[in-house]
Structures are given as C-alpha cells and as structure tokens.
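A short reminder: the numbers here are calculations on the coordinates, not readings from a lab. Here the structure is a predicted model, which means the values were calculated and not measured. Note that we place each Cβ from the backbone using ideal geometry, even for glycine, and neighbour counts take in every protein chain shown.
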Amino acid sequence: MKIAIASGKGGTGKTTLATSLARVAASDGRAVAYLDCDVEEPNGHLFLKPEILREEPIHKLIPVVNPARCTHCGLCSQACRFGAIACVGEQTLIFSELCHSCGGCLLVCPEEAIREVAKPIGRLRIGTAGPLQFVEGVLNVGEAMSPPAIHAVKTAAPAAELTILDCPPGTSCPVIEGVRGCDLLLLVTEPTPFGLHDLKLAVEMARALRLKFGVVVNRADSGDRQVWDFCRRQRITILAEIPDDRAVAEAYSRGELAAEAVPHVAERIGGLLEAIRPGAHV
Amino acid sequence: MKVAITAQGSNLDSPVDPRFGRARYFLLCDTETGQFSAHDNVQNLNAPQGAGIQAAQAIVKIGAEAVLTGNVGPKAFATLQAGNVAVHVGAAGTVRQALEEFRAGRVPPVTKANVEGHWS
C-alpha cells in the first residue's frame with residue numbers, strides 16, 4: 001500500500017506525520033519504506049536518522065542537436081510546449097533549464113538530428129533507519145525542475161508492504177509527481193484560515209487526480225472549526241486529529257520523532273494506521 | 001533597415017512596451033520607406049515560460065534586423081544574437097518617439113542582456 005502525504009500549505013506537519021507513521025508502522029513488524037519526495041528540502045532524515053548505504057546521481061534527459069544533420073526546419077521548436085527551443089537562421093538553440101524532458105522534439109525531428117543526453121540534477125540517498133527502508137532525493141541548488149528527481153526517488157523505492165511518500169507542499173507539478181499512483185493520499189492541515197485555504201486547493205487537486213484521500217488535522221485544538229465544517233459539507237473523512245502540544249514542538253526542535261517523544265501522538269498515529277488499514281473504508 | 005519595436009498597441013502612437021518577450025505587439029518599421037506592420041505577440045504574452053526565446057524567434061522570422069525595446073533578458077538576447085538581430089534597449093515614450101531617437105543614433109546597440117530573466 002502506498003500512502004502519500006501532502007498538504008497544500010507548508011509547515012502543517014507532513015514530515016512529522018510521515019516519519020512518525022513510518023516508524024509506528026515498522027514497529028508493528030510491517031515492512032515499511034519511507035520516501036522523502038520533498039527533494040528541494042528533504043528533512044525526514046533529521047528525524048529518522050538513516051544510515052545511508054549508497055548514493056546515486058539523478059539525471060534528467062535533455063536534447064542535443066547534431067548541427068551536421070539539422071536543417072533548421074523548426075518542427076522541434078513548434079512541438080516544444082515549454083518554449084525551450086528556438087530555431088533562428090542557421091542555428092537551433094536549446095535552453096535546457098526550460099526543458100521538461102518530454103522527448104517531443106526527438107519524435108518530430110524528420111532528420112533524426114536530436115538525441116538525448118543525461119544531465120545530473122541531484123542525487124539519491126538510499127539506506128535504512130532501523131527496520132525502515134529509507135530513500136531521499138536531493139535536488140541540486142539552482143535546478144528549477146524537481147519532478148524528474150521525485151520520479152527517481154519513486155523508481156528507486158524498495159518493495160514494501162507499506163510505502164510512505166513524504167511529498168512537497170503546494171499543488172503543482174512536484175506534488176502531482178509525488179502523489180501520482182498512490183493508493184491513499186493524506187492531506188495534513190491545521191485549523192487556521194491559511195490551512196483551510198490551502199486544504200481546499202489540495203482537495204481540488206486530489207479530486208482532479210481521482211485519488212482516494214482523507215484529512216489529518218494537526219494542532220487540532222488550536223485555531224477555529226472551519227476545517228471541520230468544510231470537511232463535513234464536502235463529505236471528506238477526517239482520519240486523525242493530532243492535538244496541539246508544546247512537547248511535539250520541543251521534540252521536533254531536537255530532531256526527535258513526535259511519535260516516540262510524545263505518547264499521545266503515538267496513540268493517534270496508531271489510530272490512523274488502524275483507520276487506513278487495507279480494506280478499511282476511507 | 002527593418003527594426004522591430006515592442007509596443008502596447010498596434011500603431012505608431014502606441015506607448016513602447018518596455019517588456020520584450022511579453023510585449024503586446026511588435027511593430028516592424030522600415031526606416032528607409034517609413035512603412036510599418038503590426039505583429040501580435042499574444043501567444044507569447046500568455047506563455048507560462050520561454051516567452052523571450054519564442055518572441056525572439058518570431059522577430060527573426062518576420063525579418064527584423066534590429067530590436068528596439070525597454071529591456072531584454074539573457075535567453076532572449078542569446079536567441080536574437082543567434083539570428084543576427086541587433087538589440088537596442090532603453091526605449092520609452094511612443095513608438096514614433098522611440099523610432100526618432102533610434103534614427104538619430106541615440107539608442108546604441110547593446111552587447112549583452114540588460115536585465116535578468118523574469119525581471120518584471
């Protein structure tokens with residue numbers, strides 16, 4: 001079972017939930033893999049403290065034009081949805097930072113003048129954290145496009161009974177790459193106008209992708225009740241509520257897992273695992 | 001000489017559009033004959049990315065030998081350079097006024113982009 005954890009809003013507790021969920025599930029004897037898909041700022045490792053066993057480069061494919069074959073017909077430039085290719089006079093220019101590696105230019109080139117080369121954009125770090133399998137992607141600083149790195153993390157994932165995907169915030173391409181193909185999406189929110197606003201966006205995203213999803217309300221006894229009202233009106237299941245507790249923030253600041261440091265959080269995480277066990281109705 | 005001027009409207013009295021890639025129109029003017037034509041840039045105006053590159057390609061395609069605009073970023077500059085189009089920046093006022101300044105030689109060509117990408 002693949003469970004993706006996203007939120008819309010940043011700072012709602014995705015990593016806190018994802019790392020605790022992974023650890024609690026593994027302590028039940030299940031084979032669990034934790035994937036840090038937040039490749040621009042992966043920090044699940046701060047809490048899980050994995051032993052990294054190997055590192056691999058992550059590449060993205062970018063087109064290169066063979067000037068001896070290119071007739072400057074301009075078909076590749078017309079085909080590129082990302083405006084990354086310009087055919088001017090006797091030159092075909094490729095701006096690789098805009099390229100989404102779709103391969104469209106190769107398909108349309110009648111002269112077979114384009115080939116793809118691998119450009120390094122980051123690295124994979126693969127290891128174990130106790131019984132947990134651990135994979136994280138780290139995008140190079142200055143690299144604009146994270147989806148290929150997120151894809152690499154998912155591809156490198158070891159087989160497991162339960163796979164936890166810690167996704168980036170937002171609702172655009174990186175998150176979509178992260179949550180795509182999951183069996184269940186957990187949307188972490190907080191009961192504030194900000195949390196609710198971005199939860200609505202995340203719900204729209206989940207529905208557009210036709211993903212099964214539920215909500216986890218973090219810091220549940222703070223803020224207001226609008227998140228509950230929204231979920232009731234929209235018939236969205238709230239799968240867990242994690243109370244606001246200074247002890248969680250203190251554990252976080254020390255790099256400790258919330259579920260290990262704060263017993264009532266462990267209890268809530270256990271309840272959440274029960275609520276989402278295979279076959280349970282979400 | 002054919003010079004393309006970025007404009008907010010389609011005639012000579014329109015204000016110069018200081019943006020290159022996301023200019024509303026390109027007015028292609030022949031400095032010898034005084035003839036001009038307006039070229040819509042709405043496709044690049046709304047592009048999510050790469051507007052400067054694609055606008056530069058369009059400029060080359062319509063046969064301009066020079067561009068007169070407010071600012072040009074690095075990718076647009078590289079594309080214009082590859083197409084042998086001279087780049088003149090700092091234009092302001094109406095297209096007519098900018099063209100007069102240009103004709104008088106008061107807007108010299110630049111040898112590199114004068115702004116970063118996505119400056120506005």
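Things worth noting here:
- Any cysteine of chain A lacking a neighbouring Cys Cβ under 4.7 Å - listed by number: A:CYS37, A:CYS70, A:CYS73, A:CYS80, A:CYS87, A:CYS99, A:CYS102, A:CYS109, A:CYS167, A:CYS173, A:CYS182, A:CYS231
- Label sites at A:ALA159 and B:ASP30, each approximated as a point 7 angstrom past Cα along Cα to Cβ, lie 7.3 nm apart.
- Taking amide H as placed 1.01 Å from N in the peptide plane, B:ALA86 has its amide H under 5 Å from the amide H of B:ALA66, B:VAL67, each at least 5 places away in sequence or on another chain.
- A simple charge model with +1 on the Cβ of Lys and Arg, -1 on the Cβ of Asp and Glu and nothing else charged puts the dipole of the stretch A:1-154 at about 420 debye relative to its Cα centre.
- Rounded to whole Hz, the Karplus (6.51, -1.76, 1.60) HN-Hα couplings of the stretch B:62-70, x for glycine and proline: 7, x, 6, 9, 8, 10, 10, 8, x
- In degrees, nearest ten, helix B:51-61 long axis to first principal axis of chain B (Cα): 50 degrees
- When the Cα positions of B:VAL3, B:VAL89, B:GLY117 are compared along the charge dipole of chain B, B:GLY117 comes out farthest toward the positive end, with charges on each C-beta of Lys, Arg, Asp and Glu.
- Per-residue extension of 0.36 nm, minus the Cα-Cα distance of A:ALA275 and A:ASP221, leaves a gain of 17.4 nm for this segment.
- Per-residue mean of foreign Cβ neighbours for B:76-84 is 4 (Cβ atoms of other chains, 10 Å radius).
- With both residues required to sit in chain B, DSSP beta bridges show an antiparallel share near 70%.
- The residues packed around B:ALA51, meaning those with a beta-carbon under 10 Å from its beta-carbon, carry a net charge of +3 if Lys and Arg are +1 and Asp and Glu are -1.
- Sum of side-chain charges, A:SER222 neighbourhood, beta-carbon under 14 Å (Lys, Arg +1; Asp, Glu -1): -3
- Of the peptides A:174-182, A:193-201, A:229-237, B:50-58, the order by per-residue mean of other Cβ atoms within 10 Å, starting with the highest, comes out as B:50-58, A:174-182, A:193-201, A:229-237.
- For a paramagnetic label modelled on A:SER27 (point 7 Å from Cα along Cα→Cβ), amide N atoms under 17 Å away belong, within the stretch A:40-67, to A:47-50.
- For the segment A:79-87, counting C-beta atoms of other chains within 10 Å of every residue's C-beta and taking the mean gives 6.
- Pairwise FRET efficiency - A:HIS264 versus A:GLN234, Cβ, R0 = 45 Å, nearest 0.05: 0.95
- In this structure the amide hydrogen of B:LEU12, modeled in the peptide plane, comes within under 5 Å of no amide hydrogen from residues 5 or more places off or on another chain.
- Per residue of peptide B:53-64, the mean number of Cβ atoms on other chains within 10 Å of the residue Cβ is 4.
- When each of the peptides B:99-107, B:83-91, A:85-93 is scored by the mean number of other C-beta atoms lying within 10 Å of its residues, the order from highest to lowest reads A:85-93, B:83-91, B:99-107.
- Label point 7 Å beyond Cα of A:LEU53 along Cβ direction - residues of the stretch A:116-135 with amide nitrogen under 17 Å: A:124-135
- With K and R counted +1 and D and E -1, the other residues having a Cβ less than 12 Å from that of A:ILE126 yield a net charge of -2.
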